[in-house]
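Trainee: Below: one structure in structure tokens.
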Amino acid sequence: EPEVTQTPSHQVTQMGQEVILHCVPISNHLYFYWYRQILGQKVEFLVSFYNNEISEKSEIFDDQFSVERPDGSNFTLKIRSTKLEDSAMYFCASSLQNTGELFFGEGSRLTVL
Amino acid sequence: GENVEQHPSTLSVQEGDSAVIKCTYSDSASNYFPWYKQELGKRPQLIIDIRSNVGEKKDQRIAVTLNKTAKHFSLHITETQPEDSAVYFCAASKAAGNMLTFGGGTRLMVKP
């Protein structure tokens, strides 16, 4: 069964450093998303991406965040200057249509020290 | 924006009993309501969803009901088993693939 894959599974970084989280969505999917989950809390929407542009973003997704689809398979989330409060599990997700089920990756745990 | 409230935050049941988790939402334009199960350290996985044109949907031991007038929806799990133990999240959005707003989660513990 096809699935969304994410790397790295865990990244530890110093405050102020740039981090890039990588995702490979399911190959025929057209809609891509990033969500985050701070430990023990709810899953929060960050951004959705379709047709090579951001379609929606939340208040969390400020100027420190960016997304990119550099080629036909990868979808990345960049945090330019990490803060302690960016520590969370970041989930990538994809869907075939905007009326379809979201498939989540296993997540990338980011720890900012 | 949308706000989703979920209750209870923890629920402990005996194996074989039923479990009910309830959610309310604020945006009357929301019309897609999925439920996700998340095991410790794992990804959220869709277990059932409902769209606003139906009031109830069932899949084996799992059912979801939706009351659009009252803006609430519920997850019902019958004949619970220990492997049902997990955190369950409800969510709402204006369309199935759009931005999901999640509830706070319910930790379900099924005691053998």
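The values are calculated or read from the model by the stated rules, or taken from the named source; none is laboratory data. The model shown is predicted, which means the values in this text are computed figures rather than measured ones. Methodologically, a virtual Cβ is constructed for each residue, glycine included, from the backbone with ideal geometry; neighbour enumeration extends over all protein chains shown. Accessible surface areas use protein heavy atoms only, side chains included; no ligands, DNA or RNA. Shrake-Rupley method; radii C 1.70, N 1.55, O 1.52, S 1.80 Å.
Trainee: For peptide A:22-33, how many partner chain Cβ atoms fall within 10 Å of a residue's Cβ, on average?
Mentor: 1
Trainee: If you don't mind, another one. Once you keep just the Cα pairs under 8 angstrom separated by 6 or more residues, what percentage relative contact order results for the stretch B:1-108?
Mentor: 37 percent
Trainee: Could I ask something else about it? Any idea which of A:Val19, A:Val67, A:Cys92 is furthest toward the positive side of the dipole for chain A, if Lys and Arg beta-carbons carry +1 and Asp and Glu beta-carbons -1?
Mentor: A:Val19
Trainee: A further question follows. Taking Cα pairs under 8 Å and at least six residues apart, what relative contact order does the stretch A:50-112 come out at, in percent?
Mentor: 25 percent
Trainee: Within a 10 angstrom radius of each residue's Cβ in B:40-53, how many Cβ atoms of other chains show up on average? Whole number is fine.
Mentor: That average works out to 3.
Trainee: Then there's this: From Cα pairs below 8 angstrom and at least 6 apart in sequence, can you work out the relative contact order of chain A, rounded to a whole percent?
Mentor: For chain A, the relative contact order is 39 percent.
Trainee: Return one whole number: the accessible area per residue of the stretch A:1-107 in Å², for a 1.4 Å probe.
Mentor: Roughly 51 Å² per residue, with all protein chains present.
Trainee: Treating only the Cβ of Lys, Arg, Asp and Glu as charged (+1, +1, -1, -1), what charge dipole size does the stretch A:35-96 show about its Cα centre? Round to the nearest 20 debye.
Mentor: With only Lys, Arg, Asp and Glu charged at Cβ, the dipole is about 160 debye.
Trainee: Quick one: compute a quarter of the convex hull surface over the Cα atoms of the protein assembly as shown and quote it in nm².
Mentor: Projected area, direction-averaged: 12.3 nm².
Trainee: Sort out the exposed loop GluC sites (Glu not before Pro) in chain A (DSSP loop, at most 12 other Cβ within 10 Å) and tell me the longest stretch that has none.
Mentor: Segment A:60-113 is the longest.
Trainee: Rounded to the nearest 20 debye, what is the charge dipole size of chain A about its Cα centre when +1 sits on each Lys and Arg Cβ and -1 on each Asp and Glu Cβ?
Mentor: 200 debye
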